[in-house]
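The values are calculated or read from the model by the stated rules, or taken from the named source; none is laboratory data. Quantities reported herein were computed from a predicted structural model and do not represent experimental measurements. Neighbour counts run over all protein chains shown; Cβ positions are idealised from the backbone, glycine included.
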Amino acid sequence: MLGKLLDGRYQVVQILSSGGFGETYISQDTRRPGNPKCVLKLLKPASSDTQYLQIARRLFNSEAEILEQLGNHDQIPRLLAYFEEEQQFFLVQELIVGRPLSHYIRPNEPWSETQVIQMLRDILQVLDFVHSFGVIHRDIKPDNLIKRDADAKLVLIDFGAVKQMRTQVAVNSQMPATVAIGTPGYMSAEQAQGRPRQNSDIYAIGIVAIQALTGLLPTQLTENPETGEVIWQDKVQISPRLQAILEKMVRYHFTTRYQTANEVLRDIEQLTVPVAPTQPVIPNNNPRVPGATVQQISVGTNMEDIQRTSKPPSWLAPTLSTVRYVPFAGAVVVFLFKDAADTLVILLGVVLIAAGVGLFLLRSIYSRLARDYDAVFAVVFSLCGILFVFQDKYTTQEIQTVEYLLSAAAIFSASNSILLRLKLK
């Protein structure tokens, strides 16, 4: 296949991988300036039997249609072209420059909680987008998550096993509902039976996270012979809240698992980063789960119940995003109305002091704000307010100094607000 020109355009230059359902190459697009590289995927049936050909064509058409829909997401490769040639099916995709997550998740080199939480956020945001199209990936594993060199984001690849839920019901009830595809260890029970659901992908992501935390392959983990639950808790010491999330992600039965990626994201976002070290592990007294451990939280505890008292209202974050510009507005007032009545300036100072104190109080009530809104904003508010209140005590030169300080505070507030918005996108 090396050197072959396909569709009169794509020249194969390197073999990336080969599997039961197809092969993957790096090719050059000879019709574009500079012959840019792209990924060329060949879907080959395992047999020339009519049934195999039908399955191959169904998988090919499904992947092409889905990639066309999903390719606009920044963390999913774009579909560039697809075609059939000599009874072989080809997909052409954007080349993602980076290394698979399996390069970074190494045996006996466990990740920190902070790393795992960040990985979960990154993957789950992509998965939430994928599921919004009624699509199940069915083969999420470290090899199919590429850490892009350009920005270190995780890119979800290899939609060769995807399935659209709207076609899940077979026309003939005597035929299997779907083709059982996936990777052992990352497949949930229902997926192994050929009946995947959206939260089958959530199960796979949970297993990837457990693999990163323990430094063990999924096949090295044991299962409870009575319940089928994966036993991994005795291999790590993590915060009870993260443990509860992962346990719910990898529940054996899909009805007790998280139902959507957005549900998991909501609970993940309630975790404080960096996560506080866990308390010592308490030995398990439940004979039904041999070798497992129990920490200071019930496995089935709902994360929303755990932090119900500390969850900020939905309007608070947008409000604080706007309040961060108050120092900027204060600087403008000083420059434009420096000769105005002292009452206006003093009133502005009181507002600034109140904003600073209020932000500190909010941070003590809602711990998650400690990550999104740094304490330095509260300090800026308070200092600017004090300078306003006592501005009449200063000479002309001192008032000019105040103006310069407020200008610096305003620039700092505005720039950091923009940076935080970009970071939290």
Of the residues in the range 95-152, those that are acidic (Asp, Glu), touching a Ser or Thr at 6+ places or on another chain (Cβ under 7 Å) and assigned to a helix (DSSP H, G or I) come to Glu113, Asp143
Test result for Pro36, modelled with pLDDT of 85 or more, under 19 Å from Leu156 (Cα atoms) and touching a Leu at 6+ places or on another chain (Cβ under 9 Å): no
Mind checking whether some residue in the range 57-74 is in contact with a strand residue (DSSP E or B) (Cβ under 8 Å, 6 or more places away or on another chain) and assigned to a loop (DSSP other than H, G, I, E, B)? yes
Out of everything in the range 139-155 that is among the charged types (D, E, K, R) and over 13 Å from Tyr104 (Cβ atoms), what residue ends up being farthest from the chain's Cα centre (by Cα)? Asp139
Please name all residue pairs, on different chains or six or more residues apart, with Cβ atoms under 8 Å, provided the first residue is in the range 215-243 and is under 16 Å from Asn108 (Cβ atoms) and the second residue is among the acidic types (Asp, Glu) and in a loop (DSSP other than H, G, I, E, B). Gly215/Glu109
Between a first residue in the range 109-123 that is more than 16 Å from Arg266 (Cα to Cα) and a second residue that is among the charged types (D, E, K, R), which pairs have beta carbons less than 9 Å apart while being 6 or more apart in sequence or on different chains? Pro110/Lys235
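Among residues belonging to the range 189-206 that are assigned to a helix (DSSP H, G or I) and in contact with a strand residue (DSSP E or B) (Cβ under 8 Å, 6 or more places away or on another chain), point out the one that is farthest from Lys141 (Cα to Cα). Full working, then the answer.
Step one: filter the range 189-206 for residues assigned to a helix (DSSP H, G or I), giving 189-192, 198-206.
Retained after the next criterion (residues that are in contact with a strand residue (DSSP E or B) (Cβ under 8 Å, 6 or more places away or on another chain)): 198, 200-201.
Working: Gln198: 15, Ser200: 12, Asp201: 10 Å.
That would be Gln198.
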Gln69 is checked against (1) surrounded by 21 or more Cβ atoms within 10 Å (Cβ to Cβ); (2) touching a Phe, Trp or Tyr at 6+ places or on another chain (Cβ under 6 Å) and fails just one. What number does that condition carry? (1)
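Conditions tested, residue by residue: (1) farther than 25 Å from Lys37 by Cα; (2) buried (at least 19 other Cβ atoms within 10 Å of the Cβ).
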| position | (1), (2) |
| --- | --- |
| Gln87 | no, no |
| Gln93 | no, yes |
| Pro107 | yes, no |
| Ser112 | yes, no |
| Ile123 | yes, yes |
| Ile136 | yes, yes |
Test Gly228 against the criterion of being modelled with pLDDT under 90 and in a loop (DSSP other than H, G, I, E, B), and give yes or no. no
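In the range 10-23, which residues are without any contact (Cβ under 8 Å) to a residue 40 or more places away in the chain and of a type outside the set (A, V, I, L, M, F, W, C)?
Start the filter on the range 10-23 by keeping residues that are without any contact (Cβ under 8 Å) to a residue 40 or more places away in the chain, which leaves 11-20, 23.
Within the range 10-23, Gln11, Gln14, Ser17, Ser18, Gly19, Gly20, Glu23 meet the criteria.
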When the range 220-259 is checked residue by residue, the ones that are among the acidic types (Asp, Glu) and either buried (at least 22 other Cβ atoms within 10 Å of the Cβ) or closer than 12 Å to Tyr203 by Cα (or both) are Glu229, Glu247
